[in-house]
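Read the structure below first, then the notes.
Just so it is clear, none of the values below were taken in a lab; they were calculated from the coordinates. All of these numbers come straight from a predicted model, not from anything done at the bench. Ideal geometry is used to build each Cβ from the backbone, glycine not excepted, and the neighbour counts take in all protein chains shown.
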Amino acid sequence: MQIRQPAQVVTAMATQEGAGVTVHRALGTPLLPDADPFLMLDEFKNDDPKRYMAGFPDHPHRGMETVTYMLAGAMRHKDNQGNEGKLRPGDVQWMTAGRGIIHSEMPEQEKGLMWGFQLWVNLAAKDKMTKPRYQEIKGADIPEVTRADGVRTKIIAGSLDGMTGPVSGIGVSPLYFDITVPKAVTFEHPLPEPHRGFLYMFEGKAEVGEGDKARIVPRGSLAVLGAGDSVRISASAGSDARMLLIAGRPLNEPVVKYGPFVMNTREQIYQAIDDFQSGRF
Ligand code: CO
């Protein structure tokens, strides 16, 4: 068993998205442009409505997937093909944009805490122009496994201890866990090749890896996992640690990005812009 050591640890950067919403971007920055097959991870956490009410008005996507996971607050989603839904705390939306959608993602509250994550997952060349698809999963339908040592894992995608998460039919065979490791407890889980992934700490801190190469990952930081076949995460003695553990099969294909269009060639990006501007989404 080879433990995956942290290959890189980066701190999320504050940035403005949508119509002026402050988000913290951990993946998809100059420090860490992508982690194949993942393109972006934002944490949005605000208790000041002025910083989130403007939301994310109409914008397109093509060639990729967006995964929204809410911890607090509510978000209404609406697209140009008649799909609409409301995400509440604990809910997940796995949206496969495929050949293209135009949607808005707007807060459905006027006060209180808005907290969640958005992950962008790349699609393989053969799937980029697929029909758009939504998987909307209520928090109550996400299984949670509690181990004897107190580690609690919500399984959004992938499997742990014989339990499998509800997200299905995704090309990169993803694993998406929300894990709480009690203080001074160590969590281990098999994560064999060819999967690649990272963890993002959002409460407390933990040591990732083992021996000399292990690193402390504090709240608001992302650790890219190196090669190996299992993960080891040890929460600090002072507090519980809570994190997202995300992994998938790398695509090893060229990536050409232009905002929310993610294709393989520049020509496909020009086509996407033309299709969008000509109303073909
Ligand atoms: Co979007």
Compare the Cα positions of THR11, GLY139, THR180 along the charge dipole of the chain (+1 at Cβ of Lys, Arg; -1 at Cβ of Asp, Glu; about the Cα centre) and return the one farthest towards the positive end. THR11
Environment charge of ALA184, counting only residues whose C-beta is closer than 13 Å and scoring Lys/Arg +1, Asp/Glu -1: -1
DSSP-defined antiparallel bridges as percent of all bridges, the chain, nearest 5: 100 percent
Whole-Å distance linking the alpha carbon centroid of the stretch 30-53 with that of the stretch 248-270 is 19 Å
Tilt of helix 266-277 relative to the longest C-alpha principal axis of the chain, in degrees (0 to 90, nearest 10)? 60 degrees
Quick one: putting +1 on the C-beta of Lys and Arg, -1 on the C-beta of Asp and Glu, what dipole do you get for the chain around its Cα centre, in Debye to the nearest 20? 120 debye
Could you identify which residue out of ASN80, ASN252, ASN122 has the top mean-square fluctuation in a GNM of the chain using Cα springs shorter than 10 Å? ASN252
Please report, largest first and rounded to whole Å, the three semi-axes of the ellipsoid equivalent to the stretch 1-127, where each semi-axis is the square root of five times an eigenvalue of the C-alpha gyration tensor. 24, 20, 13
Note, ALA214: beta-carbon cut-off 14 Å, +1 each Lys/Arg, -1 each Asp/Glu, net +1
Quick one: P(r) of the chain from all Cα-Cα pairs, 5 Å bins, percents rounded to integers, in order of increasing distance. 1, 6, 13, 17, 19, 18, 13, 8, 4, 1, 0, 0
Cβ-based net charge around ILE101, under 9 Å, with every Lys or Arg adding one and every Asp or Glu removing one: +1
Computed about the Cα centre, the charge dipole of the stretch 159-259 from +1 Lys/Arg and -1 Asp/Glu charges at the Cβ has a magnitude in debye, to the nearest 20, of 320 debye
